[in-house]
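Here is the structure we will look at, set down as structure tokens.
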Amino acid sequence: MSSLEFPFQISSTTGDWLNGNGFDQLERCELLGSGHHECYLLSNNQDRKLVAKVANDNSGDALKAEAHGLKLIAQTNTLRTPDVLYLSKHCLLLEYIAETGLNPDYWQCLAGKLADLHRVTTNSPSNLTTPYGLERDNYCGALMQKNGWFEDGHEFFAEQRLLYQARLAFDNGFLESPWVISIESICERLTELVPWQPASLLHGDL
């Protein structure tokens with residue numbers, strides 16, 4: 001494999017995968033990343049392309065969570081997502097989807113498929129009658145996002161979204177105590193403020 005100067009060293013198993021799949025001689029082009037991952041477009045001498053996302057040691061299992069989310073969306077047969085080709089702790093290799101011109105009905109079609117995605121109920125344990133959550137934690141940007149399973153959607157949104165992030169911001173000095181108290185007050189009134197809705201699979205970044 002040609003020497004690639006990634007910001008973080010790729011493992012020998014990642015190199016073996018690239019070699020074994022025809023990417024022993026590479027050209028790379030840096031793509032716009034997400035701020036906490038470096039992104040590259042990799043091309044071989046047959047003009048095959050793939051996208052590499054490279055994480056540092058402080059990223060936890062963010063790439064694993066991203067791969068899991070992409071596979072979940074793909075299983076719904078709604079929105080088109082890139083296939084996950086390879087995953088390690090520090091590297092996620094994805095199918096490259098080439099940019100094409102937009103059809104006149106592109107945005108209408110996207111809105112319809114997004115609505116179809118939001119109609120998909122969660123794949124939860126059978127003992128929960130109205131399940132809200134996910135079988136694993138994931139990330140909101142670089143921040144851990146707690147999930148787990150809840151039978152009450154308002155409780156899930158309060159505990160795992162609003163209060164968790166508010167306390168995290170407070171603990172790190174980004175939010176003052178009066179704001180946390182205000183958020184706690186809102187959480188106590190969620191059943192009044194937000195109508196009941198069935199659980200559905202929501203997307204992250206498009």
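The values are calculated or read from the model by the stated rules, or taken from the named source; none is laboratory data. Because the structure is predicted, anything quoted here is derived from the model rather than measured. Quick reminder, even Gly has a Cβ in these numbers, built from the backbone with ideal geometry, and neighbours come from all protein chains shown.
Observations on the structure shown:
- Residue selected from region 30-54 under the condition of a type in the set (G, A, S) and modelled with pLDDT of 85 or more, by the criterion farthest from L202 (Cα to Cα): S43
- When L102 is tested against the conditions (1) part of a helix (DSSP H, G or I); (2) of a type outside the set (G, A, S); (3) closer than 30 Å to L50 by Cβ, the lone failure is (1).
- Note on region 35-84: residues that are within 24 Å of M144 (Cα to Cα), in contact (Cβ under 8 Å) with a residue 60 or more places away in the chain and surrounded by 14 or more Cβ atoms within 10 Å (Cβ to Cβ) amount to 10.
- The set of residues in region 1-29 that are at pLDDT 80 or above, part of a loop (DSSP other than H, G, I, E, B) and on the phi < 0 side of the Ramachandran plot comprises N21, F23.
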